[in-house]
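The values are calculated or read from the model by the stated rules, or taken from the named source; none is laboratory data. What you see is a predicted model; the values in this text were computed from it and never measured. Cβ placement follows ideal geometry from the backbone for every residue including glycine, while neighbour counts extend to all protein chains displayed. When the accessible area is computed, the model is the full protein with side chains, heavy atoms only, and any ligands, DNA or RNA have been set aside. Shrake-Rupley method; radii C 1.70, N 1.55, O 1.52, S 1.80 Å.
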Amino acid sequence: MEQRELGRTGRRIGVVGLGAWQLGADWGEVGEDEALATLHAAVDAGVTFVDTADVYGDGRSEQIVSQLIKDRPGLTVATKMGRRVAQEPSAYTLDNFRAWTDRSRANLGVDTLDLVQLHCPPTLVYATDRVFDDLDTLVQEGRIAAYGVSVETCDEALTAIARPGVATVQIILNAFRLKPLEKVLPAAAEAGVGIIARVPLASGLLSGKYDESTVFGADDHRTYNRHGEAFDVGETFSGVDFATGLEAVRRLAPLVPPGTTMAQFALRWIIDQPGVSVVIPGARNPAQARANAAAAAAEALPQSTLASVREIYDELIRPQVHQRW
C-alpha cells in the first residue's frame, strides 16, 4: 500500500487506515471476535494506522485495539480524548489530560500513546494557549508521542494548523464535504500538518448500499442522531439530508470505474486530494476491511471525474453543508 507522511509525527503510514468507532458502539452490535477479525484483515491488507477514541464504547474500542497491537507490532494507533465529560472549555486542563491519557494508555496497553487528538472540543479551546502548552507537557512527560485535533469546522482546522505543536488535523472529507479543499488542505500541506480524513463514506451513504427503505437500528447513530440530537449532526451522513444523499449517490454512480465499488470510488476520490495523509473508513467485518484497503491500489481518478463530483456537490450538497462546516 502507498505510504505517506503523517504530518509532524515523523511516521509513515498506509494511505488507507481503519476507523474503529464502530468496534466500540453507535453502529449496531459488533462482537469482539468479529471486531478482532476485522482488525487483522485490515492489517493483512496493508493497513498500518488505526484511529479510535476513549469514548467509543466508553473504552471498548481501545481495549479491542489493544489486543491487535499485542499481536501486530509496528502499527500506529491514534486515539482521542475529551468527549467523556461535559463539553466546557474549563474541562481542558493538564490534570484532566493526564487522567484521560493514563486511562487510554491502560486501555491500549502502552506506555506512550502514538497520537492523541482533542476530540472535537468546544471552539474556544482552539484559541487557548494553555491547552496547547499542556499538550506539550504530555509529550515531555512521555505520556504521548504527538498530538493533534479532530475538528468539526474548517475555521477550527485553520486555527489548529497555526499551532506549531499540532501534528495532525482530523476532519470530515468526502464527496459530500468539499469545503476543506479550499483552504484547510493547502494550509496543512504548507505547514507540514497531516490530514486524517474521517467519515469518508458519509456514514455509509457513499457505499451505495442504501435506499429509501433502509432502516437502521435504534442503537445506531444514523437513527438517533439524524438531526443532531446526540452530537454534531455533521458526524451523521456528513450533515446531508438522507434523501438528498441518496439522490447524489445515484448521480455519482455512473462515474464509478468498471471493477470498482462505489465505496472504493469514494475512498479513491479522497486519496487523490493533495494534502491527505490517510483516510479512515470504518469496517464491521473482514470483507469490508479488505475492500476498503483495495481502494489504495485503484487508479487515480481523471480530472473529468473530479469535475463531475464537484458539479454534483455544488448542485445538491453545497446548499446544505458548505456554510455551516
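Quick check on my filter: what residues within region 132-149 are assigned to a strand (DSSP E or B) and either surrounded by fewer than 19 Cβ atoms within 10 Å (Cβ to Cβ) or among the β-branched types (Val, Ile, Thr) (or both)? Talk me through it step by step, then tell me what you get.
Step one: of region 132-149, the residues assigned to a strand (DSSP E or B) are 144, 147-149.
Result: 144, 149.
Please go through region 271-325 and pick out each residue that is of a type in the set (Ser, Thr, Tyr) and within 30 Å of residue 33 (Cα to Cα).
Of region 271-325, the ones of a type in the set (Ser, Thr, Tyr) are 277, 304-305, 308, 313.
Listed by number, the list holds a single entry, 277.
Go through (1) under 16 Å from residue 207 (Cα atoms); (2) open to solvent by less than 20 Å² (accessible area, probe 1.4 Å); (3) not in a helix (DSSP H, G or I) for residue 325 and report which single condition fails.
Only one criterion in (1) under 16 Å from residue 207 (Cα atoms); (2) open to solvent by less than 20 Å² (accessible area, probe 1.4 Å); (3) not in a helix (DSSP H, G or I) is unmet by residue 325, namely (1).
Restricting the first residue to region 207-222 and requiring it to be open to solvent by 60 Å² or more (accessible area, probe 1.4 Å), which pairs with a second residue that is in a helix (DSSP H, G or I) and among the aliphatic types (A, V, I, L, M) meet a Cβ separation below 7 Å and a spacing of at least six or different chains?
211/246; 212/246
Among the residues of region 81-90, is any of a type outside the set (Phe, Trp, Tyr), within 27 Å of residue 219 (Cβ to Cβ) and open to solvent by less than 10 Å² (accessible area, probe 1.4 Å)?
Checked region 81-90: at least one residue is of a type outside the set (Phe, Trp, Tyr), within 27 Å of residue 219 (Cβ to Cβ) and open to solvent by less than 10 Å² (accessible area, probe 1.4 Å).
May I ask you to list pairs of residues, at least six apart or on different chains, whose Cβ atoms are under 8 Å apart, with the first in region 281-297 being closer than 14 Å to residue 49 by Cα and the second being among the hydroxyl-bearing types (Ser, Thr, Tyr) and surrounded by 19 or more Cβ atoms within 10 Å (Cβ to Cβ)?
283/38; 289/38
For region 68-96, how many residues meet the condition of being in contact with a strand residue (DSSP E or B) (Cβ under 8 Å, 6 or more places away or on another chain) and part of a loop (DSSP other than H, G, I, E, B)? Step through it out loud before you land on a result.
Within region 68-96, the subset in contact with a strand residue (DSSP E or B) (Cβ under 8 Å, 6 or more places away or on another chain) is 68-69, 75-83, 92.
Keeping just the survivors that are part of a loop (DSSP other than H, G, I, E, B) gives 75, 82-83, 92.
Selection size over region 68-96: 4.
Give me the helices (runs of 4 or more DSSP H) completely within region 150-261, filtered to those with at least 2 residues that are among the aliphatic types (A, V, I, L, M), ordered by residue number.
Numbers: elements: 154-161, 184-191, 221-224, 242-252.
In region 150-261, 154-161, 184-191, 242-252 are the helices (runs of 4 or more DSSP H) which contain 2 or more residues that are among the aliphatic types (A, V, I, L, M).
Quick check on region 106-131: of everything there that is open to solvent by 30 Å² or more (accessible area, probe 1.4 Å) and part of a helix (DSSP H, G or I), which residue is nearest to residue 181 (Cα to Cα)?
123
Is region 96-105 home to any residue that is at negative phi, surrounded by fewer than 22 Cβ atoms within 10 Å (Cβ to Cβ) and of a type in the set (Val, Ile, Thr)?
Of the residues in region 96-105, the ones at negative phi are 96-105.
This time we only want the ones that are surrounded by fewer than 22 Cβ atoms within 10 Å (Cβ to Cβ), so: 96, 98-99, 102-103, 105.
From what's left, of a type in the set (Val, Ile, Thr): none.
Within region 96-105, not a single residue is at negative phi, surrounded by fewer than 22 Cβ atoms within 10 Å (Cβ to Cβ) and of a type in the set (Val, Ile, Thr).
From the residues in region 262-285 that are in a loop (DSSP other than H, G, I, E, B) and not hydrophobic (A, V, I, L, M, F, W, C), which one is surrounded by the fewest Cβ atoms within 10 Å (Cβ to Cβ)?
274
Tell me, please, whether a residue that is under 26 Å from residue 294 (Cβ atoms), of a type outside the set (D, E, K, R) and in contact (Cβ under 8 Å) with a residue 24 or more places away in the chain can be found in region 84-107.
No, because not a single residue in region 84-107 is under 26 Å from residue 294 (Cβ atoms), of a type outside the set (D, E, K, R) and in contact (Cβ under 8 Å) with a residue 24 or more places away in the chain.
Report, by residue number, each residue of region 223-261 that is small (Gly, Ala, Ser), on the phi < 0 side of the Ramachandran plot and open to solvent by less than 20 Å² (accessible area, probe 1.4 Å).
Result: 234, 245, 248.
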